[in-house]
Amino acid sequence: MSKVIAPPAYQFFAAIETAPEGTGYTLFASSRLLLQHLPAPYSVADLEGMRWDMETKGYYELKLEDLPLVVRHPVTGEPCIRWHETWDESKTKFSTAKVTFRNGKQEVDEVVRKLVYDYRVCVRFEWVRGDWLMSDNFAMLHTRTGYRSECGRELWRIHLD
């Protein structure tokens, strides 16, 4: 028996309540642009052979192991980054997430993180109550910036295939 990791093809987001203006941005980063802006000495071919693990604690607990860093888009066949940002208590009060790269390549975590936040690669989306957004979960990565934890920010996310 083996566990199959099947990420959803699309994510639908709806803003029920928002963070204070100028905070709580959701960043949507294009895998295509991220791979175009890889710094030397990294290449798409280098990243295609990399594997990583992720463990979360808190609101929900999950341990995923031996995940490929690059997957192929199910429709276009283009290489896409599959990655989760490391979170500690300063990022969210609900859970933590630790990402570990295999084969001594932990520095790649920081390379990807910097690119996900890079203005050449991502759109910083500031939510307004009632906004909704559909995202291709293979072509795009997402994360968020910080906000005051006592605010009523509430986003709903629905996974679709």
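Every number here is computed from the coordinates shown, using simple stated rules; none is lab data. Note that this is a predicted model, so its numbers are computed, not measured. No Cβ is skipped: glycine too gets one built from the backbone with ideal geometry, and neighbour counts run over all protein chains shown.
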*Sum up the charges of everything whose Cβ sits under 14 Å from the Cβ of Asn103, counting Lys and Arg as +1 and Asp and Glu as -1, but leave Asn103 out.*
-4
*asked:* If the reach is capped at under 15 angstrom between alpha carbons, list the aspartates and glutamates near Lys98, excluding any in the same chain fewer than eight residues apart.
replied: Asp53, Glu55, Glu61, Glu65, Asp66, Glu85, Asp88, Glu89, Glu107, Asp109, Glu110
_Label of the coordinate-derived value, log10 I(q)/I(0) by the Debye sum over Cα atoms at q = 0.08, 0.16 Å⁻¹, listed as (i) -0.24, -1.02; (ii) -0.29, -0.84; (iii) -0.28, -0.98_ = (i)
*From phi via Karplus (6.51, -1.76, 1.60), per-residue ³J(HN,Hα) for segment 19-35 in Hz, x at Gly/Pro*: 6, x, 3, x, 9, x, 5, 9, 9, 10, 10, 7, 4, 4, 5, 4, 5
*What's the local net charge at Glu78, with K and R +1, D and E -1, over the other residues with C-beta under 15 Å away?*
+1
*Loop-located GluC sites (Glu not before Pro) in segment 1-51 whose Cβ has at most 12 other Cβ within 10 Å (DSSP)*: Glu21
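Can you tell me which of 137-146, 150-159 comes out highest on packing, and rank the rest after it, using the mean Cβ neighbours within 10 Å? Provide the component values of the computation, followed by the final result.
Working: 137-146: 18.6, 150-159: 12.3.
The densest-packed peptide leads the list: 137-146, 150-159.
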*Which FRET efficiency value, to the nearest 0.05, do you get for Ser43 and Arg124 by plugging their Cβ-Cβ distance into 1/(1 + (r/R0)^6) with R0 = 30 Å?*
0.65
*Using +1 on the beta carbon of Lys and Arg, -1 on that of Asp and Glu, and nothing else charged, what's the dipole of the chain about the Cα centre, debye to 20?*
40 debye
*Would you look at the GNM of the chain, springs on alpha carbons closer than 10 Å, and say which of Ser30, Ser135, Ser43 moves the most?*
Ser43
*Which one of Arg113, Arg82, Arg129 has the biggest mean-square fluctuation once the chain is modelled by GNM with Cα springs under 10 Å?*
Arg129
